[in-house]
Amino acid sequence: MPDPQRQRLMDAPAVERTLARMAHEIVEQAGGTASLALVGIHRRGVHLASRLAAAIREERGVSVPTGTLDITLYRDDLMAIGPRPVVGPSSLPEGGIDERVVVIVDDVLYTGRTVRAALDELADFGRPRRTLLCVLVDRGGRELPIQPDIAGETVQVPAGGRVEVLVPELDGELGVEVRGAGEG
């Protein structure tokens, strides 16, 4: 019996089609691949950035450098998460980020606070020529004036609901679910 609190927004083929479209949009907005770099936000943004890089490689025959950001120490709620936060590694794309078009990749855009932290951390590493924001799902509910340049899906989620992006590397499957959408 299906869980009434879980609604499948995208299955694996839908996510793959969406990522292919997003990869095309990234290249268009970046003006090509010459100075392009993708940086995924831990955790799921890293896996999505890797999939986007693979889609660009498949479409254009070019390998785009990728990197990762762990924004833990840049969070504005760091004191609320405890005295010993678990901090993962951040790694820049090969060649750094100066004078590049850097695309920050995340799974879900909600309040904008994660992206703000990512922008702060990125600024500590260098000065990109341009920074774009790419998210698989924009669920609205912003607390900061941050908008995606590229969004795979835009959905409205009721208060208390959550959007969960599933990636095979962490969840054993690829998809997007909305949880708690049955309330109200």
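Any read-out appearing in this document is the output of simple, stated calculations on the displayed coordinates, not a laboratory observation. Predicted, not measured: the structure shown is a model, and the values here were computed from it. Virtual Cβ from ideal backbone geometry, glycine too; neighbours counted across all protein chains shown.
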Protection proxy ranking of 61-68, 23-30, 119-126 - average other beta-carbon atoms within 10 Å, highest first: 23-30, 61-68, 119-126
Length gained when the stretch S35-D120 is fully extended (0.36 nm per residue, less Cα-Cα span): 28.5 nm
As computed over the chain, the Cα convex hull volume per residue (Å³): 128
Estimated [θ] at 222 nm from DSSP helical runs (n ≥ 4, -39500 (n - 2.57)) normalised by residues in the chain, nearest 500: -9000 deg cm²/dmol
The chain: antiparallel DSSP beta bridges as a percent of all, rounded to 5: 30
Amide proton proximity set for G67, modelled H, under 5 Å, gap of 5+: L38, V39, G40
Linear extension gain, A54 paired with Q147, 0.36 nm per residue minus alpha-carbon span: 31.0 nm
Theoretical gain in end-to-end length, T154 to S63 [0.36 nm per residue, Cα-Cα removed]: 29.9 nm
Prolate/oblate/rounded call for region 1-74, Cα gyration tensor, a/c under 1.5 rounded: oblate
Three-way shape label, region 122-174, alpha-carbon gyration tensor, a/c 1.5: oblate
